[in-house]
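Values quoted throughout were computed directly from the atomic coordinates according to the rules given, and no laboratory measurement underlies them. Because the structure is predicted, anything quoted here is derived from the model rather than measured. With ideal geometry, Cβ positions are generated from the backbone for all residues, glycine too; neighbour counts draw on all protein chains shown.
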Amino acid sequence: MRKAIAGLPLYSKEDYQEFWDMAAEITETIKVLGEYRRREGEALRARFERQALSDRIYELKDLCKQGFADALGFRIAKPFTLRALEENGPVNRRKSDPPTPSDVDHPSYYKSGSSYPYRAAAIACHIYGGEAGEANLRKAVESDSLACRSVLWFPSWHYPAGTKLFLLTPRSKKRWA
């Protein structure tokens, strides 16, 4: 220790090297923390941007669903079963109805009529897998009372580059009693 100035001891840096090292580590840690915060800010911005893009995709999908409904004279409906569609019945779901087969991928449901009771009119679905996916869908749903048609005049809105749009409709317009 060197001689004190004005009554205070004079210390050298070497006397407190351990603390200088700690201070240097604090400085480095602050820099690293700042880098993490910068990245988090970028990540947060990226998350908001991803969310905005995702929201836009859903908005566009909804517009396509509505455009398809308008083109066919239908209205968007809540989910209903294939049985309701086959019978052109009411769109309310009965507990005894079997669920829609898994081959009917990404369905959008449509009803007809402008007043209650609405009738099940169609189910639009988006199929992966090209010809094999189409064959599986047709095998699962086609019957004497249900038709499965490929829609070439309107784009698939689920995943346009990877799916084909199909429309399931009743073959006859038999009325529900």
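General observations
- Taking other residues whose beta carbon is less than 12 angstrom from the beta carbon of LEU137, and scoring Lys, Arg as +1 and Asp, Glu as -1, yields -1.
- Two-site FRET efficiency, ASP144 against GLN66, from Cβ-Cβ distance with R₀ of 35 Å, rounded to 0.05: 0.65
- Amide H contacts of ALA77: TYR109, TYR110, LYS111, each under 5 Å away and 5 or more positions distant or on a separate chain (H built 1.01 Å from N in the peptide plane; Pro and chain starts excluded).
- Amide hydrogen proximity for ARG119: with H placed 1.01 Å from N in the peptide plane, the residues at 5 or more positions away or on another chain lying under 5 Å are SER112.
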